[in-house]
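First up is the structure itself, then whatever we jot down about it.
The values are calculated or read from the model by the stated rules, or taken from the named source; none is laboratory data. Since the structure is predicted, the reported quantities are computational estimates derived from the model, not experimental observations. Every residue, glycine among them, receives a Cβ derived from its backbone with ideal geometry; neighbour counts consider all protein chains shown. Calculation scope for accessible area: heavy atoms of the full protein, side chains included, ligands and nucleic acids excluded. Shrake-Rupley method; radii C 1.70, N 1.55, O 1.52, S 1.80 Å.
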Amino acid sequence: MPLDFEILGRGIYTPRQAARLIGGSPQDVRRWTRGSGPSEPLWNAYYQEIDDTAELSFADLVELRVVRALRRAGITMQAIRYAIAFAQETFDIEKPLSSKKFQTDGSQILMQAIENDGELVSLSKRYPGQKVFAKVVLPSLKNLEYDRGHVARWRPARTDTIVIDPKRQFGTPILDEYGVSTETLYSEFQSFENFSYLSEIYEVPKALIKDAINYERQLDQASGKSSV
């Protein structure tokens, strides 16, 4: 586990936690950040550089979310590697997929990557970079908030009441106004199944309790886990 001062403000997630938040699998998360067999990782996760641990930072989490969107669109790992390297070289940004610059210039980056992927000549005609970015990647970037060009927080639900902020509770999803973990509320609800009770105990409006429960249920559904 990284030292406390290295965690503060950066968030910390296990591969399983990260996979649940992005709707992917722990295996993919590990492969993309730690490599698999002869395949090198797409990048070395922040804490790996410090303590060779599998835990991930908030910036890693956001980049993994973008990679998952690209993979679902049929973009190869080769093209994604090129896109990351191209963006790093062009914009001199260590974490390009989680940067504000990627939000504005991502279609150009993807087009360049696809056109330089020898295995994807046909794919570049079917899914040009601009189309992939606009329909697949951009929606996953719209609910991110930036500070000085770097991603600062993520509002993952359809409501703006929930936030993932690495400077608050190590980046666990919380109710923004009250700072209560949605996971904690979900766990409590599974035990008591009473919105009014939770609202009284945590001093949180019942409507926000429902927002938290619905969000956690959506995470379960996306990861294939039953919420019953």
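What the chain shows is 52 Å² of accessible area per residue, with the surface traced by a 1.4 Å probe over protein heavy atoms.
Show log10 I(q)/I(0) for the chain at q = 0.11, 0.15 Å⁻¹, two decimals, from a solvent-free Debye sum over equal Cα scatterers. Results for the chain at q = 0.11, 0.15 Å⁻¹ read -0.58, -1.02.
Between residue 85 and residue 115, the modelled label-to-label distance comes to 1.8 nm, taking each label 7 Å out from Cα in the direction of the beta carbon. Spin-label model, residue 36 to residue 217: label points 7 Å out along the Cα-to-beta-carbon direction sit 3.3 nm apart.
As a rough guide to protection, the peptides 96-105, 170-179, 197-206 ranked by mean Cβ packing within 10 Å, highest first, stand as 96-105, 170-179, 197-206. Taking all Cα pairs closer than 8 Å and separated by 6 or more residues, the relative contact order of segment 184-228 comes to 31 percent.
One quarter of the surface of the convex hull around the alpha-carbon atoms of segment 13-59 equals 3.0 nm², the direction-averaged projected area. For residue 167 and residue 143, the difference between the fully extended length at 0.36 nm per residue and the C-alpha to C-alpha distance is 6.9 nm.
The 3J(HN,Hα) values that the Karplus relation (6.51, -1.76, 1.60; θ = phi - 60°) gives for segment 193-210 are, in residue order, 6, 9, 5, 5, 4, 5, 4, 6, 5, 9, 6, 10, x, 4, 4, 6, 4, 5 Hz. Gly and Pro appear as x. For segment 11-124, the extents of the C-alpha atoms along the principal axes are 37, 27, 25 Å, listed from largest to smallest.
By the compact-protein rule of thumb, 2.2 N^0.38 Å, the alpha-carbon radius of gyration of segment 140-228 corresponds to a ratio of 1.11.
Over 20 Å between C-alpha atoms is what I'm after, so list which of 142/206; 100/135; 101/142; 135/167 land there.
Numbers: 142/206 28 Å; 100/135 18 Å; 101/142 13 Å; 135/167 30 Å.
Flagged as over cut-off: 142/206; 135/167.
Rounded to the nearest 0.05, what FRET efficiency do residue 76 and residue 159 have when you use their Cβ-Cβ distance and R0 = 30 Å? Could you put the intermediate results ahead of the total?
Numbers: r = 35 Å, r/R0 = 1.18.
Efficiency for this residue pair is about 0.25.
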